[in-house]
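> Dropping a structure here in structure tokens format, bear with me for questions.
Every read-out reported here was derived from the displayed coordinates using simple, explicitly stated rules and does not represent laboratory data. For clarity, every value in this text was computed on a predicted model and none was experimentally measured. Every residue, glycine as well, gets a Cβ built from its backbone with ideal geometry; the counts of neighbours run over all protein chains shown.
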Amino acid sequence: MSSQIQEKIEKYIQSCGCELYGIELVKDFGQDVLRVSVYSKEGVSLDKCQEISHLISPFLDVEDPIASKYILEVSSPGIERVLKNPRHFSFSLGEEVQVKNIDKTIIEGVLKSCDDEGFVLVNSQGEHKIAYAQTKKVKTIFRW
């Protein structure tokens with residue numbers, strides 16, 4: 001999908017008070033699904049997902065960014081979500097995260113700050129500056 005189309009989708013989503021979290025084309029039971037994840041600090045309701053879907057669906061029909069037939073799915077990335085880029089980290093500041101490093105160590109703590117190179121995690125052992133390149137998987141965690 002072109003960056004221009006992605007930018008327009010992002011503007012539609014922002015007009016609804018949310019942020020674009022990610023767009024991916026996946027196969028689900030043999031059907032192509034264009035999965036658009038949206039984020040808001042206040043949470044994303046089913047009504048908000050429906051509003052965004054109704055807003056971007058006609059745009060996608062006109063632009064036709066995907067050659068095959070697909071289903072549009074608009075959803076929240078969830079309470080426990082994978083952080084893949086600096087933008088995801090900035091959305092999750094102040095939240096508890098679990099970091100699996102490439103050396104297989106696991107560390108948990110509160111996400112204090114982030115920039116283009118890495119992030120700072122705080123836990124009972126102190127502050128940990130971690131480069132994105134050192135991580136294998138980072139996700140938010142929710143304690144029940």
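> Using only the alpha-carbon atoms, how far is helix 3-15 inclined from the longest principal axis of the chain? Give it as 0 to 90 degrees, nearest 10.
Between helix and principal axis, roughly 80 degrees.
> Taking 0.36 nm per residue of sequence separation and subtracting the Cα-Cα distance, how much length would be gained by fully extending the chain between Ser45 and Gln125, in nm to one decimal? Present the calculation step by step, with values, prior to reporting the outcome.
Working: separation 80, 0.36 × 80 = 28.80 nm, distance 3.65 nm.
Stretched fully, the Ser45-Gln125 segment lengthens by 25.1 nm.
> List the aspartates and glutamates whose alpha-carbon lies under 19 Å from that of Lys8, not counting same-chain residues fewer than 8 positions away?
Once the sequence-local aspartates and glutamates are set aside, what remains near Lys8 is Glu19, Glu24, Glu51, Asp61, Glu63, Asp64, Glu73.
> Run through the range 45-123 and list the trypsin sites (Lys or Arg not before Pro) located in a DSSP loop whose Cβ has at most 10 other Cβ atoms within 10 Å.
Values: sites: Lys48, Lys69, Arg81, Lys84, Arg87, Lys100, Lys104, Lys112; in loops: Lys69, Arg81, Lys84, Lys104.
Those that pass, being in a loop and sparsely packed, are Lys69, Lys104.
> Give, in nm to one decimal, the length gained when the segment between Asp64 and Asp28 is fully stretched (0.36 nm per residue of separation minus the Cα-Cα distance). Walk me through the numbers before you get to the answer.
Details: separation 36, 0.36 × 36 = 12.96 nm, distance 1.99 nm.
That works out to 11.0 nm of additional length.
> Related question: Summing +1 for each Lys or Arg and -1 for each Asp or Glu, what net charge is found among the other residues whose Cβ lies under 13 Å from the Cβ of Gln134?
Values: positive: Lys100, Lys104, Lys129, Lys136, Lys137; negative: Asp103, Glu117.
Once positives and negatives cancel, what remains is +3.
> Output the pairs from Lys48/Lys104; Lys112/Lys136; Lys41/Lys137; Lys11/Lys84 with a Cα-Cα distance over 31 Å in this structure; if there are none, say none.
Lys48/Lys104
> Quick one: Phe59, Phe91, Phe142, Phe29, fewest Cβ neighbours within 10 Å first, how do they rank? Walk me through the intermediate numbers first.
Values: Phe59 14, Phe91 19, Phe142 10, Phe29 5.
The order, fewest Cβ neighbours first, is Phe29, Phe142, Phe59, Phe91.
> Just add up the charged neighbours of Val82: K/R +1, D/E -1, any other residue whose Cβ is under 12 Å from the Cβ of Val82. The partial results should precede the final answer.
Details: positive: Arg81, Lys84, Lys100, Lys136, Lys137, Lys139; negative: Glu24, Glu80.
That sum, taken over residues with Cβ under 12 Å, equals +4.
> Still on this model: Taking only C-alpha pairs under 8 Å that are 6+ residues apart, what is the relative contact order of the chain in percent?
Numbers: 234 pairs, mean separation 27.1, N = 144.
Once normalised by length, the contact order is 19 percent.
> Compute the helix-to-body angle for 46-63: its Cα long axis versus the longest principal axis of the chain, expressed 0 to 90° and rounded to tens.
60 degrees
> Please give the calculated 222 nm ellipticity per residue for the chain, where each DSSP H segment of at least 4 residues contributes -39500 (n - 2.57) and the sum is spread over every residue; nearest 500 deg cm²/dmol?
Values: 3 runs with 37 residues, N = 144.
My calculation for the chain gives -8000 deg cm²/dmol from helical runs alone.
> Considering Cα pairs under 8 angstrom that are at least six residues apart, work out the relative contact order of the range 76-144 and quote it in whole percent. Please report the intermediate quantities before stating the final value.
Working: 129 pairs, mean separation 26.4, N = 69.
Over the range 76-144, the number comes to 38 percent.
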